[in-house]
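All remarks here apply to the structure that follows.
No value in this document is a laboratory result; all are computed from the given coordinates. Keep in mind that this is a model prediction, so the values were computed, not measured. Cβ placement follows ideal geometry from the backbone for every residue including glycine, while neighbour counts extend to all protein chains displayed.
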Amino acid sequence: MINLFKNALEAMDQGGQLTVGLKNRGNDLELSIADTGFGMTPEILASLFTPFFSTKEGGTGLGLTICKGLIEQHRGEISIDSKVGQGTVCLIHLPLIST
């Protein structure tokens with residue numbers, strides 16, 4: 001979660017709003033992290049979870065890859081939607097019931 005919060009805050013280097021939400025979706029927990037940063041192009045979105053892909057100066061490109069792996073190890077899913085000039089929303093779904 002720290003990596004996702006850090007990414008959102010860095011996307012708002014001129015200030016903005018970070019919104020975190022939790023919802024019960026039946027057997028799943030939905031965590032949303034939304035920022036009012038500069039957003040991402042479709043090309044960047046398509047590469048986000050690719051190991052070693054980074055748009056940050058000095059970035060390793062492993063943060064989101066590791067986040068996705070950890071979420072999937074817990075049988076969850078992560079998705080990111082973003083629009084240039086409007087910000088980014090990260091949604092994480094995790095099962096509440098263990099099988």
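Please identify which residues in segment 41-55 have an amide N closer than 13 Å to a label point set 7 Å out from the Cα of Glu10, following the Cα→Cβ vector.
Residues passing the 13 Å test: 52-55.
Per q in 0.17, 0.22 1/Å, what log10 I(q)/I(0) does a Debye calculation on the alpha-carbon atoms of segment 2-94 return?
-0.74, -1.21
Whole percent per 10 Å bin, from 0 to the bin with the longest distance: what is P(r) over all C-alpha pairs of segment 1-51?
The calculated distribution, bin by bin, is 22, 44, 30, 4.
Which distance in nm do the two modelled labels at Ser32 and Arg75 give, with both placed 7 Å along the Cα-to-Cβ direction?
Using points 7 Å along Cα→Cβ, the separation is 2.5 nm.
Can you tell me the orientation of helix 63-73 relative to the chain, as the angle in degrees between its alpha-carbon axis and the longest Cα principal axis, to the nearest 10?
The answer is roughly 10 degrees.
Figure the gain on full extension for Lys23 and Phe52 (residue separation times 0.36 nm, minus the Cα-Cα span) and round it to one decimal in nm.
Numbers: separation 29, 0.36 × 29 = 10.44 nm, distance 3.17 nm.
Taking Lys23 through Phe52 to full extension adds about 7.3 nm, to one decimal.
Please give the charge dipole size of the chain, origin at the Cα centre, charges +1 on K and R Cβ atoms and -1 on D and E Cβ atoms. Round to the nearest 20 debye.
So the magnitude is around 180 debye.
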